[in-house]
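Novice: Once you've had a glance at the structure underneath, I'll fire off some questions.
The values are calculated or read from the model by the stated rules, or taken from the named source; none is laboratory data. Note that the coordinates shown come from a computational prediction; the quantities given were computed from them, not determined experimentally. Cβ placement follows ideal geometry from the backbone for every residue including glycine, while neighbour counts extend to all protein chains displayed. Ligands, DNA and RNA are excluded from the accessible area calculation, which covers all protein heavy atoms including side chains. Shrake-Rupley method; radii C 1.70, N 1.55, O 1.52, S 1.80 Å.
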Amino acid sequence: MSKTQLFDLDGKIAFVSGASRGIGEAIARLLAQQGAHVIVSSRKLEGCQAVAEAIVQDGGKATAIACHIGEMEQIQNAFAQIRERFGRLDILVNNAATNPQFCNVLDTDLGAFQKTVDVNIRGYYFMSIEGGKLMRENGGGSIVNVASINGVSPGEFQGIYSVTKAAVISMTKVFAKECAAFGIRCNALLPGLTDTKFASALTQNDSILKMALQRIPLKRVADPEEMAGAVLYLASDASSYTTGVALNVDGGFLS
Ligand SMILES: NC(=O)c1ccc[n+]([C@@H]2O[C@H](COP(=O)([O-])OP(=O)(O)OC[C@H]3O[C@@H](n4cnc5c(N)ncnc54)[C@H](OP(=O)(O)O)[C@@H]3O)[C@@H](O)[C@H]2O)c1
């Protein structure tokens with residue numbers, strides 16, 4: 001009996017934003033292990049180069065490209081590079097996001113609001129447009145948007161961040177419906193509390209962590225690697241009839 005090829009990514013080109021650490025790094029490493037050539041991206045090139053070099057040392061294929069997804073010019077520039085160097089894109093993982101302000105919703109700062117919207121909504125939207133155009137030229141592809149459980153059940157003092165994550169879930173359905181005709185699928189991952197720098201304000205504070213764990217049936221925080229398997233499923237042929245879904249990987253939090 002031969003092993004399934006459903007999760008094979010040989011010959012595929014995959015772009016992962018926010019891949020210099022945390023969930024994005026775990027996703028980049030797994031997609032590369034499955035055979036994809038991974039474009040490791042974030043704002044700072046050095047961090048991306050370190051992850052790309054580690055992937056290559058492990059026998060995989062990877063390239064580092066810097067791109068601040070809150071800057072339209074940088075998005076255009078990144079895709080111009082992808083077009084020139086690879087001429088195609090099969091998988092886009094929109095993972096980089098920001099959450100600059102923890103506060104009561106009535107104290108929301110306009111600058112923090114704008115930054116969160118620019119990165120988490122406009123960034124994901126135009127990354128998907130640029131990625132989608134390249135995928136359309138080559139007969140299809142898979143877009144995976146890393147949203148959050150906050151997009152369904154807003155986190156306390158995470159007002160505008162939660163609103164943007166709800167928008168990502170909506171955006172996922174929009175792209176799924178309108179891009180299916182081009183062979184492009186689009187799905188969302190909704191991580192629960194995961195042990196990364198991003199979540200350290202919650203995970204490093206004993207009383208906040210204790211409260212959070214009370215609401216998680218599995219009674220623990222996730223490792224970044226526990227998000228990557230779900231992304232592999234959504235990125236690969238294993239999910240060929242799945243589009244427009246929001247997949248909770250949250251230890252049961254939303255159940
Ligand atoms: N950790 C959690 O508990 C949790 C829960 C639910 C959802 N999520 C979601 O999971 C995703 C990844 O979060 P994480 O926890 O892995 O965060 P993380 O460990 O802090 O990593 C964030 C990554 O994004 C990059 N980045 C930040 N701002 C960027 C920008 N404007 N443009 C491009 N890259 C940018 C960072 O590198 P540079 O500094 O070099 O840019 C880094 O590679 C986010 O969408 C987050 O909302 C996380």
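Novice: Failed condition for Ala97, given (1) over 18 Å from the mean Cα position of the chain (by Cα); (2) open to solvent by less than 60 Å² (accessible area, probe 1.4 Å); (3) within 14 Å of the ligand (Cβ to nearest atom), with all others met?
Specialist: (1)
Novice: Look through Ala19, Ala54, Ala50, Ala62 and report the one residue that is buried (at least 23 other Cβ atoms within 10 Å of the Cβ), of a type outside the set (Val, Ile, Thr) and either more than 16 Å from the ligand (Cβ to nearest atom) or not in a loop (DSSP other than H, G, I, E, B) (or both).
Specialist: Ala62
Novice: Of all the residues that make up region 141-165, how many are open to solvent by 20 Å² or more (accessible area, probe 1.4 Å), among the hydrophobic types (A, V, I, L, M, F, W, C) and more than 12 Å from the ligand (Cβ to nearest atom)?
Specialist: Of the residues in region 141-165, 3 are open to solvent by 20 Å² or more (accessible area, probe 1.4 Å), among the hydrophobic types (A, V, I, L, M, F, W, C) and more than 12 Å from the ligand (Cβ to nearest atom).
Novice: Return yes when Glu130 is acidic (Asp, Glu) and closer than 20 Å to Gln49 by Cα and no when it is not.
Specialist: no
Novice: Let me ask something else about it. Please specify each residue of region 166-185 satisfying the condition of being touching a residue at least 40 places away in the same chain (Cβ under 8 Å), of a type outside the set (Phe, Trp, Tyr) and surrounded by 14 or more Cβ atoms within 10 Å (Cβ to Cβ).
Specialist: Correct list: Ala167, Val168, Ile169, Met171, Thr172, Lys173, Ala176, Cys179, Ala180, Ile184, Arg185.
Novice: Report yes if some residue within region 113-120 is charged (D, E, K, R) and open to solvent by less than 30 Å² (accessible area, probe 1.4 Å); otherwise report no.
Specialist: no
Novice: So which residues in region 188-211 are more than 22 Å from Ser20 (Cα to Cα) and either within 8 Å of the ligand (Cβ to nearest atom) or not hydrophobic (A, V, I, L, M, F, W, C) (or both)?
Specialist: Asn205, Asp206, Ser207, Lys210
Novice: Being out of contact with any Phe, Trp or Tyr (no Cβ under 9 Å at 6 or more places or on another chain) and either in a loop (DSSP other than H, G, I, E, B) or free of Cβ contacts under 8 Å to residues at least 40 places away in the same chain (or both) is the filter here; which residues of region 29-39 pass it? Let's see the steps before the verdict.
Specialist: Filtering region 29-39 for residues out of contact with any Phe, Trp or Tyr (no Cβ under 9 Å at 6 or more places or on another chain) gives 29-33, 35-36.
Correct list: Ala32, Gln33, Gly35, Ala36.
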